[in-house]
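Q: Dropping the structure in here first, questions after.
The values are calculated or read from the model by the stated rules, or taken from the named source; none is laboratory data. Computed from a predicted model, the values in this text were never measured in an experiment. Here Cβ is always computed from backbone atoms with ideal geometry, including for glycine, and neighbour counts include all displayed protein chains. Ligands, DNA and RNA are excluded from the accessible area calculation, which covers all protein heavy atoms including side chains. Shrake-Rupley method; radii C 1.70, N 1.55, O 1.52, S 1.80 Å.
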Amino acid sequence: QGIFVLGLPYALLHSGYSGLVLIIFAAALCCYTGKILVACLYEENEDGQLIRVRNTYEDIANACCRNLSPSLSGAVVNMTQVMELIMTCILYLVVSGNLLSHSFPSVPVTEKTWSVIAFVMLLPCVFVKTLKIVSKLSQLCSLVHFIIIFVVMAYCLTQIHQWSWVKFRLSTDFEDFLVSVGVIIFSYTSQIFLPVLEGNMQNPEEFRCMLNWTHFSACVLKTTFALTAFLTWGEETKEVITDNLPPFLQTLVNLCLLTKALLSYPLPFFAATEIVCTCISRGNHSNYRSPLFALGVRGSFLLLTLLMAMFIPHFALLMGLTGSVTGAAMTFLLPSLFHLKLKWEKISFLEKCADISVFILGFLCSLAGTVCSIKGLLEVFG
């Protein structure tokens, strides 16, 4: 449940009833691609038992293209993952600066300066070495997120006398609908983390069950939250629903959102630096495996995210462009393609049709999102 959830009521404003269907459909779709991606980590042995022969997204890519190029596809996947993870980290810094400036409007400090202050609070991330620490921070992040959801929904329930289903409609503007598709689908994406997560589970055989329950729970929460908030504000629903709250609640929620953004940062940051450190240290150079080298990589990444957050103009549009390309690729295109390649002789006809359908749908979503983002960039620079 990421910050994207706060944009779901706005997505319903542009998609109406079709948005509710899309929230459910996206949950099923992302759950399915998560399962087939992890299935690519396993192969059957001579006794017909499934054995985990691969560990990462990169290993799956290399296995699919070993006849063409043993390592090129893995490098492309790694680059795509790192690009998306860094963009996510930058977004959290941008959001932190924005929230600080809105929480303390009387302080004569620019939004970029607030981003630097947020950056200082994130400096301890360079010392994070294990996933266990990241998981504890993510647990705190989830707790803060539920507080935000509870506050918004509690206020909405106090306005239940104003609710009206007349506010709902079917989307008529195709571009507006595509915006909703992007927000809804990418609020579910977790495929980048799934191979590592499954490998760290105490009972990996429960992975599929875990994925079913988490996506079902996410779907129920997203639907309830989006519907409740939209029925409360209707046509006045803003891009981030917390902006609709009265001032006395808005400051409280903004500070909670700031805490959530800062606690969310370590997970994509840790994942990106681990990928880079692993790729560089594969050689026999002992210097690349030293703790000092890892510290340098993490410090460089932290500084890079700050510089990009401060100096890249129109970051939201660039984020949309990157998400349309890398997000759709990592969530839909590659899992379905890799599953078809590695399991073609072992899966049923219906599974093949499902994989092909997911690939086509992912390609269309990626193409449409890319066109809309480029169009937005051209309008801004035009």
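Q: Please give the residues of segment 45-80, grouped as numeric ranges, whose backbone N is less than 12 Å from a label point set 7 Å along the Cα-to-Cβ vector of K346.
A: Answer for this model: 45-54.
Q: Now a separate question. Please work out the FRET efficiency for the pair A154 and K129, using the Cβ-Cβ distance as r and a Förster radius of 35 Å; give the result to the nearest 0.05.
A: Once rounded, the FRET efficiency stands at 0.35.
Q: At a Förster distance of 41 Å, what's the computed FRET efficiency of C209 paired with I117, Cβ-Cβ distance as r, to 0.05?
A: Working: r = 43 Å, r/R0 = 1.04.
FRET efficiency, C209 to I117: 0.45.
Q: Let me ask you something else. How far, in nm, would the chain grow between L364 and S138 when pulled straight, counting 0.36 nm per residue and subtracting the alpha carbon separation? Mind showing how you got there, number by number?
A: On the way: separation 226, 0.36 × 226 = 81.36 nm, distance 3.26 nm.
The span from L364 to S138 would gain 78.1 nm if fully extended.
Q: Can you give me the accessible area per residue for the chain, using a 1.4 Å probe, in Å²? Kindly include the intermediate steps, with their values, before the conclusion.
A: Working: 19280 Å² over 382 residues.
Per-residue accessible area for the chain comes out at 50 Å².
Q: Using a 1.4 Å probe on the protein heavy atoms, what percent of the accessible area of the chain belongs to carbon and sulfur? Intermediate values should be presented prior to the final figure.
A: Numbers: 13130 of 19280 Å².
Reported share for carbon and sulfur atoms: 68 percent.
Q: Given R₀ = 56 Å, FRET efficiency for I280-R169 by Cβ-Cβ distance, to 0.05? List each step's numbers first, then the result.
A: Details: r = 53 Å, r/R0 = 0.94.
Here the calculated transfer efficiency is 0.60.
Q: What length, rounded to one decimal in nm, is gained on full extension from R52 through to S71, with 0.36 nm per residue of separation minus their alpha-carbon distance?
A: Length difference between fully extended and current span is 4.9 nm.
Q: In addition: Once you sort the root eigenvalues of the Cα gyration tensor of segment 1-77 as a ≥ b ≥ c, which label holds: rounded (a/c under 1.5), prolate (a/b larger than b/c) or oblate (the other case)? All intermediate terms of the calculation are to be shown ahead of the outcome.
A: On the way: a/c = 3.57, a/b = 2.16, b/c = 1.65.
Judged from the Cα gyration tensor, segment 1-77 comes out prolate (a/c at least 1.5, a/b above b/c).
Q: Tell me which lysines have Cα within less than 30 Å of K136's Cα, excluding those fewer than 8 residues away on the same chain?
A: Here the lysines satisfying the reach criterion relative to K136 are K35, K112, K222, K260.
Q: By Kyte-Doolittle mean hydropathy of at least 1.0 and Cα axial length of at least 27 Å, which whole DSSP H helices of the chain are selected? Don't skip to the end; give the middle numbers.
A: Values: long enough: 17-39 (34 Å, 1.88); 72-103 (46 Å, 1.22); 131-158 (40 Å, 1.76); 207-233 (39 Å, 0.80); 291-311 (30 Å, 1.82); 349-381 (48 Å, 1.47).
Membrane-span-like by this rule: 17-39, 72-103, 131-158, 291-311, 349-381.
Q: So for the pair F25, I374, with labels modelled 7 Å out along Cα→Cβ, what separation do we get in nm?
A: The answer from the label model is 2.5 nm.
Q: What is the packing order of peptides 372-381, 354-363, taking the mean over residues of other C-beta atoms within 10 Å and listing the highest first? Mind dumping the intermediate values first?
A: Numbers: 372-381: 14.1, 354-363: 17.6.
The packing order, highest mean first, is 354-363, 372-381.
Q: Trypsin sites (Lys or Arg not before Pro), restricted to segment 20-78: which are DSSP loop and have at most 14 other Cβ atoms within 10 Å? Walk me through the numbers on the way to the answer.
A: Details: sites: K35, R52, R54, R66; in loops: R54, R66.
When the trypsin sites (Lys or Arg not before Pro) of segment 20-78 are filtered for loop state and at most 14 Cβ neighbours within 10 Å, R66 remain.
Q: Further question: In nm, what is the difference between 0.36 nm times the number of residues separating S217 and I312 and their Cα-Cα distance?
A: Numbers: separation 95, 0.36 × 95 = 34.20 nm, distance 3.63 nm.
Length gained between S217 and I312: 30.6 nm.
Q: Any aspartates and glutamates with Cα under 18 Å of the K129 Cα? List them, leaving off those in the same chain fewer than 8 positions away.
A: Reachable aspartates and glutamates: E274.
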